[in-house]
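Step one of this worksheet: look at the structure below.
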Amino acid sequence: ETAAWRPVSLPDEWRHTIPGFTGQGWYRIAFELARAPTTVQAVHIAYQRSHQVDYFVNGSLVGGSRDVTATNTSGSLVGPTVYITVPPSLLHTGRNVIDVRMRATGAAAAIHGLGRVTFGDAREVRKGYIAKIEQESEALRTSFAIAFAVGLIALCFWLARPGDRVMLLLATACLSWAFIA
């Protein structure tokens, strides 16, 4: 409570706001509730850039990067989306606080930060979470489809001119990329 908190705009990337920082950092999101909720609430973070994160609601740990309550949809360092459910018993009328603790170590510290945060009724917040998952997976499927198409076209050019090693290399690279997924 006595820490020197400073406002930041989300999304926040440490490499821009505190370059070279390693160690532990915190985000605090304070909000007011006109009345205590009676249904499950949720937090959706559009992306988080750390794989060592813990989430607290009013001082109680509700999930972390290694827990099932915090669901990370992609294993990538950039772009995973997080959905955390919050029991109504942790929230009360008036001021409430969500704290996010991140640990930044080594070269990976440059990618830490916090994305945009959405809080509200779990059913409504989940809609945005599902939309983000679909967007991520659709973009990935599209890139693999394009790689497959380019690979086939390059393979056809190589079959027409078998001496063209560049087309063979392009076909091999694109088809390998498409089939890895």
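See the values below:
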| quantity | calculated |
| --- | --- |
| Kirkwood Rh in Å, taken over all unlike Cα pairs in the chain | 18.9 |
| Alpha carbon centroid spacing (whole Å) that separates the stretch 1-54 from the stretch 111-143 | 16 |
| For Gly113, distant residues with modelled amide H under 5 Å away | Trp14, Arg49, Ser50 |
| Per residue accessible area in Å² of the stretch 99-181, where ligands, DNA and RNA are left out and the probe is 1.4 Å | 63 |
| Per-pair calculated FRET efficiency, R0 = 22 Å: Glu32 and Arg101 via Cβ, rounded to 0.05 | 0.45 |
| Structure-based [θ]222 nm, the chain - -39500 (n - 2.57) summed over DSSP H runs of at least 4, per residue, nearest 500 | -11000 deg cm²/dmol |
| Inter-probe distance in nm under a simple model that places probes 7 Å from Cα toward Cβ, at Thr85 and Leu140 | 2.4 |
| J(HN,Hα) series, the stretch 113-127, from Karplus relation 6.51 cos²θ - 1.76 cosθ + 1.60, nearest Hz, glycine and proline x | x, 9, x, 5, 10, 10, 10, x, 4, 4, 5, 6, 5, 4, 4 |
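The values are calculated or read from the model by the stated rules, or taken from the named source; none is laboratory data. Note that the structure is a prediction, hence the values are computed from the model and not measured. We place every Cβ from the backbone using ideal geometry, glycine too, and count neighbours over all the protein chains shown. For the accessible areas, the whole protein counts, side chains as well, though only heavy atoms, and no ligand, DNA or RNA atoms are used. Shrake-Rupley method; radii C 1.70, N 1.55, O 1.52, S 1.80 Å.
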